[in-house]
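Asker: Structure in structure tokens, see below.
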Amino acid sequence: MPNKPGSSQITVEGTWILVCTYQRNELLAQLLDSLAAVRLPADSPLTAPQVIIVDNAPEPAAAQTVAEHLPSAVYLHQPVPGISSARNASLDAVPQNAQAVIFIDDDEYVPSHWLSAMIDTANATGADAVTGPVLPVFEEGEPEWLTNYGFVRKLEHPEGPYPRRPATHNSLVRFEWFAERGMRFDEMFNFTGGEDSDLFERMQRAGAKYWWTKDVLIYETIPADRSTQAWLHQRASRGGYVRTLKIRRRLPGPVVPLRIAGEGVLRLGYSAARVSAKKLRRKPVTFKDHYYWHEGLGMITALAGRRRIEYARPDAQPE
């Protein structure tokens with residue numbers, strides 16, 4: 001996919017980094033410090049990357065953190081609760097003449113070459129979106145059991161076209177998808193998460209091409225309460241719930257529950273077969289082997305009416 005016809009060149013001045021945050025000021029400060037240290041081209045008129053911070057807390061709790069660690073950043077308070085609402089607020093704040101946006105999470109931080117690597121890869125390939133690995137950094141050290149079990153983040157993929165969907169934790173997207181094509185995050189996923197996979201799936205169906213490169217590796221801080229099998233399994237179950245939302249929206253009709261149940265059962269069976277095969281060959285069972293089980297379970301329990309609202313706030317529960 002190199003040099004995609006019609007792809008315009010992206011510059012640092014035409015690129016905006018979008019960050020949504022919610023009551024994680026210490027981690028946000030770490031991210032902002034890393035962005036302040038990013039290397040810019042020698043001829044750039046900018047002294048720091050262009051960054052938009054959307055604070056989704058009930059009150060503007062991150063304003064001082066932004067002012068102290070990256071005062072050039074645009075700070076916005078979006079009191080309407082929900083991850084999609086926050087992400088859409090960041091997109092609405094981007095100038096219409098922007099060339100690209102980069103999504104990154106508030107619990108991550110970047111090396112100094114990251115921004116130039118993102119832009120250079122997009123220009124060299126003409127891709128509609130560029131993504132790369134996110135390396136987990138455990139606050140209390142990586143648990144021994146997790147080394148073999150595996151973690152959520154994918155670190156390895158062949159350099160080149162990426163057939164899967166990116167995520168908003170480390171992705172550059174050409175802004176034409178938002179300014180000209182009107183793409184936005186669906187607020188159906190405000191409290192469940194999965195809004196990014198839904199967006200990138202819709203872009204892919206509309207013809208978007210993605211590129212993976214190891215050169216844009218960044219780091220994610222993992223707290224102790226996420227370094228457990230229970231948390232990983234809960235995240236997989238949430239993935240199954242989000243999958244049911246996508247199916248219901250894309251394929252409305254009376255047969256949808258049967259479709260969801262069928263997919264859920266297939267995932268349960270596939271996981272059971274993987275685990276059994278590993279045990280017979282005396283090989284370690286990994287998170288990926290268990291993932292399909294918990295994803296399938298999430299789909300089945302969704303049919304029973306159980307909701308998974310990871311991003312709900314105490315002051316704003318979904319109806």
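Asker: If you go through segment 87-98 one residue at a time, do you hit one that is under 25 Å from TRP177 (Cα atoms), among the hydroxyl-bearing types (Ser, Thr, Tyr) and in contact (Cβ under 8 Å) with a residue 24 or more places away in the chain? Quick ask: steps written out before the conclusion?
Answerer: Of all residues in segment 87-98, those under 25 Å from TRP177 (Cα atoms) come to 87-98.
Now narrow it down to the ones that are among the hydroxyl-bearing types (Ser, Thr, Tyr): 90.
This time we only want the ones that are in contact (Cβ under 8 Å) with a residue 24 or more places away in the chain, so: 90.
Checking segment 87-98: at least one residue is under 25 Å from TRP177 (Cα atoms), among the hydroxyl-bearing types (Ser, Thr, Tyr) and in contact (Cβ under 8 Å) with a residue 24 or more places away in the chain.
Asker: Looking for something closer than 22 Å to GLY298 by Cα and without any contact (Cβ under 8 Å) to a residue 24 or more places away in the chain - is there at least one such residue anywhere in segment 138-158? Give the derivation first.
Answerer: From segment 138-158, those closer than 22 Å to GLY298 by Cα are 149-154; that's our starting set.
Next, from what is left, pick out any that are without any contact (Cβ under 8 Å) to a residue 24 or more places away in the chain: 154.
Yes: segment 138-158 contains one or more residues that are closer than 22 Å to GLY298 by Cα and without any contact (Cβ under 8 Å) to a residue 24 or more places away in the chain.
Asker: Given the conditions (1) in contact (Cβ under 8 Å) with a residue 40 or more places away in the chain; (2) over 20 Å from ASP106 (Cα atoms); (3) open to solvent by 10 Å² or more (accessible area, probe 1.4 Å), and given that MET183 satisfies all but one, which numbered condition is not satisfied?
Answerer: The failed condition is (1).
Asker: Still on this structure: Go through segment 225-236 and give me each residue that's part of a helix (DSSP H, G or I) and open to solvent by 10 Å² or more (accessible area, probe 1.4 Å).
Answerer: Selection gives ASP225, ARG226, GLN229, ALA230, TRP231, HIS233, GLN234, ARG235.
Asker: Restricting attention to segment 90-120, which residues are closer than 16 Å to VAL173 by Cα and open to solvent by 20 Å² or more (accessible area, probe 1.4 Å)? Give the derivation first.
Answerer: Going through segment 90-120, the residues closer than 16 Å to VAL173 by Cα turn out to be 90-105, 114-120.
Across segment 90-120, the qualifying residues are ASP92, ALA93, PRO95, GLN96, ASN97, GLN99, ASP105, SER116, ASP120.
Asker: Among what's in segment 138-165 and is hydrophobic (A, V, I, L, M, F, W, C) and modelled with pLDDT under 85, pick the residue that is farthest from the chain's Cα centre (by Cα). Steps first, answer last, please.
Answerer: Within segment 138-165, the first condition is being hydrophobic (A, V, I, L, M, F, W, C), and the residues that meet it are 138, 145-146, 151-152, 155.
Retained after the next criterion (residues that are modelled with pLDDT under 85): 145-146, 151-152, 155.
Numbers: TRP145: 25, LEU146: 22, PHE151: 15, VAL152: 12, LEU155: 14 Å.
Applying the filter and picking the extreme gives TRP145.
Asker: Can you give me the ranges of the strands (runs of 3 or more DSSP E) entirely in segment 130-224 with at least 1 residues that are within 18 Å of ALA89 (Cα to Cα)? Spell out the reasoning first.
Answerer: Numbers: elements: 134-138, 171-174, 210-212, 218-222.
Of the strands (runs of 3 or more DSSP E) lying wholly inside segment 130-224, those with at least 1 residues that are within 18 Å of ALA89 (Cα to Cα) span 171-174.
Asker: Same structure again: Would you confirm whether or not segment 237-247 contains a residue that is open to solvent by 50 Å² or more (accessible area, probe 1.4 Å) and in contact with an Asp or Glu (Cβ under 9 Å, 6 or more places away or on another chain)?
Answerer: If we filter segment 237-247 for residues that are open to solvent by 50 Å² or more (accessible area, probe 1.4 Å), which is where we start, we get 243.
With in contact with an Asp or Glu (Cβ under 9 Å, 6 or more places away or on another chain) added as a condition, the list becomes 243.
Yes: one or more hits.
Asker: In segment 288-305, what count of residues is obtained for those that are at pLDDT 90 or above, of a type in the set (A, V, I, L, M, F, W, C) and surrounded by fewer than 22 Cβ atoms within 10 Å (Cβ to Cβ)?
Answerer: Filtering segment 288-305 for residues at pLDDT 90 or above gives 289-301.
Applying the additional criterion that residues be of a type in the set (A, V, I, L, M, F, W, C) yields 293, 297, 299-300.
Filter once more, so that each one left must be surrounded by fewer than 22 Cβ atoms within 10 Å (Cβ to Cβ): 293, 297, 300.
Number satisfying all stated conditions: 3.
Asker: Could you tell me which of the residues ARG259, ARG226 is basic (Lys, Arg), at negative phi and under 24 Å from the mean Cα position of the chain (by Cα)?
Answerer: Values: ARG259 fails: under 24 Å from the mean Cα position of the chain (by Cα).
Unique residue meeting the criteria: ARG226.
The values are calculated or read from the model by the stated rules, or taken from the named source; none is laboratory data. Please read these numbers as outputs of a predicted model, since none were measured by experiment. Using ideal geometry, Cβ is built from the backbone for each residue, glycine included, and neighbour counts are taken over all protein chains shown. Please note that ligands, DNA and RNA were not included when accessible areas were found on the heavy atoms of the full protein model with its side chains. Shrake-Rupley method; radii C 1.70, N 1.55, O 1.52, S 1.80 Å.
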